[in-house]
Amino acid sequence: MIKLVKAVRAEAAPDHHLALTFSDGSGGVLDLRPFVFDDGEVTQPLRDPNYFASVFLEMGVPTWPNGCDIDPTAARMDLKAAGRLQIGADVA
């Protein structure tokens, strides 16, 4: 069963990682290097650490000024699959 969530916090972390907290109280630090350094044009600006740090939440979705975003439910699933999803108050 897929648990649908929104992000309630998104903060850039070093080396193209993103600290996320989700609406269910879970969270973790997601490695976005594979996403940022793919061949897509929309992810190219995210290679600049200052631009990557400009992440903000738009309706619960981590988003960058150029419209690039990541699905919070998929991000939570990735964290869970990697064994890096934390549950509770001290997450991300």
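What the table shows:
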quantity: Residues located in region 10-41, provided they are within 16 Å of Phe56 (Cβ to Cβ) and part of a loop (DSSP other than H, G, I, E, B); calculated: Leu32
quantity: Some residue of region 47-62 being more than 18 Å from Asp15 (Cα to Cα), modelled with pLDDT of 95 or more and of a type in the set (Asp, Glu); calculated: yes
quantity: In region 1-55, the residues that are acidic (Asp, Glu) and in contact with a Leu (Cβ under 8 Å, 6 or more places away or on another chain); calculated: Glu11
quantity: Qualifying residues in region 1-57 (those that are of a type in the set (Val, Ile, Thr) and touching a Cys at 6+ places or on another chain (Cβ under 9 Å)) - the one farthest from Met77 (Cα to Cα); calculated: Val42
quantity: Every pair of residues 6+ apart whose Cβ atoms lie under 8 Å, when the first sits in region 30-42 and is within 13 Å of Ile70 (Cα to Cα) while the second is outside any helix (DSSP H, G or I) and among the hydroxyl-bearing types (Ser, Thr, Tyr); calculated: Phe35/Thr43; Val36/Thr43
quantity: Selection within region 66-77 - touching a Lys or Arg at 6+ places or on another chain (Cβ under 9 Å) and buried (at least 19 other Cβ atoms within 10 Å of the Cβ); calculated: Pro72, Arg76
quantity: Matching residues, region 45-65, being aromatic (Phe, Trp, Tyr) and surrounded by 16 or more Cβ atoms within 10 Å (Cβ to Cβ); calculated: Tyr51, Phe52, Trp64
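The values are calculated or read from the model by the stated rules, or taken from the named source; none is laboratory data. Being a predicted model, the structure only gives us computed values, none of them experimental. Neighbour counts are summed over all protein chains in view; Cβ atoms, including those assigned to glycine, are modelled from backbone coordinates with ideal geometry.
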